[in-house]
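What follows is one structure encoded as structure tokens, with my remarks underneath.
The values are calculated or read from the model by the stated rules, or taken from the named source; none is laboratory data. Model, not experiment: these values are computed from the prediction. Heads up, the Cβs are rebuilt from the backbone with ideal geometry, glycines too, and the neighbour counts pull from every protein chain shown. With ligands, DNA and RNA removed, areas are computed over all heavy atoms of the protein, side chains included. Shrake-Rupley method; radii C 1.70, N 1.55, O 1.52, S 1.80 Å.
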Amino acid sequence: QCHPNCSAGLISIALVNELMQCHPNCRALVVSTENITQNYYQGTNRSMSIPNHLFKVGGAAILVSNKRKDRKKAKYKLLHTVRTHIGAKDEAYECVFQQEDHEGNTGVKLDKTLMKIAGEALKKNIQVLGTVALPFSEQIKYVWDQFMRGKSKARREKPPYVPDFKKAFDHYCIHAGGRGVLDAMLENLSLTEDHLKPSRATLEHYGNTSSSSIWYELAWMESYGRVKKGDVVWQIAFGSGFKCNSAVWKALKTNRKLHRAWTTEAEKPLLSRSYKGIETEGVLNEGAEGAQELADLHLGSSGLESFKSSFRKGRRRRNRVPPQ
């Protein structure tokens, strides 16, 4: 299933999850992509020209399975999905809206109320997510605060209690919609800059790649060896409508995969077994010191050694002479 909306990747994951409840022993391919060509704005309205500068072409593919035999290969288990849509409000429906300007040029307008609307959608989303993902102690604190705010006017004048999501999640894939979005998430959820490194790196290197941005961020975490077995990852994305969607995954293994999107030119030959001959051999065999430096700079010696080992095993299988 292909989709163009910024949060539609998680909508597709939720849809696939529901479909697999009725269709056992199957696989599904989710393709997240951004195609700016059809929405490229050629007019002079500044608020409608912003997407031309912010959005970039990108894509990711995710294979989801409920086959028992795939469990050993699987990297993550889907724990929860939460979808929030507040499009019943005109203000929310029109804050990201495709329309024509006064000259007849079609484009997408980003209204100044976008951040406020995103905050409202986020609040509704985490209210639901918190009931299934947060530790019981945090749920009690949040429910008690809401109860007291309904009873006391003085309590309502104070900021509401924000649950400590760091007790529930180890990693955060926050949609790289823009610097303002990430700054707001950092403040509202009391996160640290280290939590936002994947999102900021994605925004810096690739811009807003719409629904695929959260997968670029997960790939960044894996490439830098951050995801350990048992870790919980929270993906959250915003989209026109206005929507806020979440997915929570649990790592079934320590993931140190080196992704093409997050490699230097020197590392790219190590990624695919389709690279043959002098180029690959040069990187693998050009002295232990050079390979060790490459490993230390990126994801550690164990990750590179594991990859080199798998590469050599595959090469031996291909070169094996069949019995006569």
Exercise. Does segment 179-218 hold any residues that are open to solvent by less than 10 Å² (accessible area, probe 1.4 Å), among the small types (Gly, Ala, Ser) and farther than 14 Å from Glu34 by Cα, and which are they?
Worked result: Ser199
Problem set entry | Criterion (under 16 Å from Ser246 (Cβ atoms), assigned to a helix (DSSP H, G or I) and aliphatic (A, V, I, L, M)) met by exactly one of Ile13, Ile50 | Ile13
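When segment 38-47 is examined, which residues are found to be among the polar types (S, T, N, Q), open to solvent by 60 Å² or more (accessible area, probe 1.4 Å) and more than 23 Å from Lys243 (Cβ to Cβ)? Talk me through it step by step, then tell me what you get.
Going residue by residue through segment 38-47, those that are among the polar types (S, T, N, Q) are 38-39, 42, 44-45, 47.
So of that shortlist, the ones also open to solvent by 60 Å² or more (accessible area, probe 1.4 Å) come out as 38, 42, 44.
Within segment 38-47, Gln42, Thr44 qualify.
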For this session: Select from segment 65-110 the residues that are surrounded by fewer than 16 Cβ atoms within 10 Å (Cβ to Cβ) and assigned to a helix (DSSP H, G or I) and write down the one among them that is nearest to the chain's Cα centre (by Cα).
Result: Asp70
Exercise. What tally of residues in segment 9-37 results from selecting those that are open to solvent by 100 Å² or more (accessible area, probe 1.4 Å) and within 22 Å of the chain's Cα centre (by Cα)?
Worked result: 2
For this session: Could you please find all residues in segment 182-223 being closer than 22 Å to Val64 by Cβ and either out of contact with any strand residue (DSSP E or B) (no Cβ under 6 Å at 6 or more places or on another chain) or in a loop (DSSP other than H, G, I, E, B) (or both)?
Result: Pro198, Thr202, Thr209, Ser213, Tyr216, Ala219, Trp220, Ser223
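Among Val128, Val132, which is open to solvent by 60 Å² or more (accessible area, probe 1.4 Å), more than 19 Å from Asn188 (Cα to Cα) and within 24 Å of the chain's Cα centre (by Cα)?
Details: Val128 fails: more than 19 Å from Asn188 (Cα to Cα).
Within the list Val128, Val132, the selection yields Val132.
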